Ligand code: CP
């Protein structure tokens, strides 16, 4: 797995993008994750003496905790670094004269961590630049190129592949046969313009399962064209389809699942004050209780969390029977156990 050039069993097996998984690799991971969740297999010692180093340039609840627990459950150890807080502040730019506040370049950091750990994982959100620059997703790719051990993407500018895996497991366990079912990825209002890593990864997850995916957003909130191409390619390979539109209520009528997520307008990316006026017009893009009743009879609502209650999704929906958000968060643990076992594990133990 899982750089664009590597296969699951060959070379340095980075996991940077769920779209790099072929259908057999994805099916294998999801099957193992489901079996681990049901307790059918434990592989309690499969990661004995293995170390995962995790670096968070940005905050986390689920990602950090679920990876730490996953390593513990299989006999391994996780180390967490937060550069700029309890470890040296990182410089991520190439060819830079480091005469400012940063102390350690990722070129050395990635190489050193690779000498201590069996895999290294990194979270690196956008740093506040314009989309033309941020869309290169340079930090995660540079880090992976410097590190000699497998690198796991804990959410970068463009992708959150571990969230995508958890989303896929959640869709599969709730729908049993997701192919051909209707999934709506619904933009939601949020006070801040958020990155597109989660919506792109959720769309790839639904597309990977052959769902009929509709992406509903206000005008101006289109995803990156390359991401739409990737989502369409993945959907077509899995027998599904992708469409986009600007009508939320029409889109969710009878939907099997609505994935609620906010993201920023890419043409204003890195300039939140400029985007605020555009965004303010769409405060009603929210999963209300009334809207949740428009889903199919057993339709459900997903969100990666953290969620702004009564802004993105009403509390009554989050606390009600249609909410899958906590199951979805739990599934982070199971898919990451499967991922770590595939990358580093001795499954005979
Ligand atoms: N969904 C998710 O990645 O949560 P955290 O930001 O808390 O890790």
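Shape class of the range 163-329 from the alpha-carbon gyration tensor: oblate, with a/c at 1.5 or above and b/c at least as large as a/b. When shorter helices are ignored and each DSSP H run of at least 4 residues is given -39500 (n - 2.57), the per-residue value for the chain at 222 nm works out to -11500 deg cm²/dmol. Were the residues from residue 250 through residue 194 laid out at 0.36 nm apart, the gain over their Cα-Cα distance would be 17.7 nm. In terms of packing, defined here as the mean over residues of other Cβ atoms within 10 angstrom, the peptides 219-226, 200-207 line up highest first as 200-207, 219-226.
Remark: the Cα gyration tensor places the range 149-231 in the oblate category, a/c being 1.5 or greater and a/b not exceeding b/c. Let me make sure I get this right: for the chain, a, b and c are the square roots of the gyration tensor eigenvalues over alpha carbons, sorted descending. Under 1.5 in a/c it's rounded, otherwise prolate if a/b > b/c, else oblate. Which is it? Verdict is oblate for the chain. Note on residue 94 and residue 233: the extension gain reaches 46.8 nm, defined as 0.36 nm multiplied by sequence separation minus the Cα-Cα distance. Between residue 315 and residue 22, the simple label model (points 7 Å from Cα in the Cβ direction) yields a spacing of 5.1 nm. Summary of the geometry: the range 124-178 and the range 56-98, compared by the centres of their Cα atoms, lie 15 Å apart. Extending 7 Å from Cα along the Cβ direction at residue 346 and again at residue 130 yields two label points whose distance is 5.4 nm.
Bear in mind these aren't lab numbers, they're just calculated from the coordinates by the rules spelled out. These numbers come from a predicted model, not from an experiment. In this analysis, Cβ positions are derived from the backbone assuming ideal geometry, glycine residues included, and neighbour counts consider all displayed protein chains.
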